[in-house]
Amino acid sequence: MAVTKIFPVKGRIGKCINYVMNPEKTVEADGWMYVDGINVTPETAEKSMMSVKHRYGKEDGTMAYHVIQAFAPGEVTPETAHEIGIKLAERMWGDRFEVVVSTHLDHEHIHNHFVFNSVSFVDGKKYNDDKRNLYRLREVSDELCREYKLSVVLNPKKSRDLPYNEYMNEKNMKLTKNAIIKTEIDETILTSISRKDFFN
């Protein structure tokens, strides 16, 4: 089973690339590192991506996209997960975009990270982050899981994806404005004796 999510990267691409290439997350005990690039060398990916943006005059807005593909605990080996990740990147973005692919081993569920340029090196067009492409991403991921005899999510829950910065703040357990509001609402519900009391 692979679950896929996509987040826009609004700030520095390098910060996101450094996170997905972190050796503490991507290197096995024997020293094997699960990081690759499609149309780019991972170590110079930020410079290369920014060069493409500069060439086409598209250096603002969404800088890149960060995709996560997570597998069920114990269902896949690091080698297989990384192989699936490379194939997913090639099928989804390989003909037009630069992509860094990494496999994280630091949780019980192995998961792939992808950071790809928002601007195509072929024609300078920006990636269209819409529902059609999200569904296509999930379909390609599911096709690959079936090819590798892995389970797929049959009835995925519809979820509202968080903006990348909120996702990272929650992941790093930093208090966000939304988290504070949610906590205050939860506390108010617990201490209210009626609907009117809650709104007051």
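The values are calculated or read from the model by the stated rules, or taken from the named source; none is laboratory data. Just so it is clear, the structure is predicted and the values come from calculations on it, not from any experiment. Cβ sites come from the backbone with ideal geometry, for glycine too, and all protein chains shown count toward neighbours.
Is at least one residue of segment 32-48 at pLDDT below 95, loosely packed, with under 13 Cβ neighbours inside 10 Å and not in a helix (DSSP H, G or I)?
Yes; the residues of segment 32-48 include at least one that is at pLDDT below 95, loosely packed, with under 13 Cβ neighbours inside 10 Å and not in a helix (DSSP H, G or I).
Return yes or no: is ALA2 among the aliphatic types (A, V, I, L, M), surrounded by 21 or more Cβ atoms within 10 Å (Cβ to Cβ) and at pLDDT below 95? Spell out the reasoning first.
Values: among the aliphatic types (A, V, I, L, M): yes; surrounded by 21 or more Cβ atoms within 10 Å (Cβ to Cβ): yes; at pLDDT below 95: yes.
So ALA2 fits the description; yes.
Looking only at segment 99-135, which residues are charged (D, E, K, R), part of a loop (DSSP other than H, G, I, E, B) and under 26 Å from ASP60 (Cα atoms)?
ASP123, LYS125, ASP129, ASP130, listed by residue number.
Listed here are the residues, each with its yes/no results for (1) buried (at least 16 other Cβ atoms within 10 Å of the Cβ); (2) assigned by TED's automatic domain parsing to the domain that holds VAL101; (3) of a type in the set (S, T, N, Q); (4) within 15 Å of the chain's Cα centre (by Cα).
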| position | (1), (2), (3), (4) |
| --- | --- |
| PRO8 | yes, yes, no, yes |
| CYS16 | yes, yes, no, yes |
| GLU28 | no, yes, no, no |
| GLU59 | no, yes, no, no |
| MET63 | yes, yes, no, yes |
| GLN69 | yes, yes, yes, yes |
| GLU75 | yes, yes, no, no |
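Return yes or no: is ARG96 in the same structural domain as MET21 (by TED's automatic domain parsing) and either in a helix (DSSP H, G or I) or crowded, with 22+ Cβ neighbours inside 10 Å (or both)?
Against the criterion (in the same structural domain as MET21 (by TED's automatic domain parsing) and either in a helix (DSSP H, G or I) or crowded, with 22+ Cβ neighbours inside 10 Å (or both)), ARG96 does not qualify.
How about segment 25-49: which of its residues are among the hydrophobic types (A, V, I, L, M, F, W, C) and in contact with a helix residue (DSSP H, G or I) (Cβ under 7 Å, 6 or more places away or on another chain)?
Scanning segment 25-49 gives MET33, VAL35, ILE38, VAL40, ALA45, MET49.
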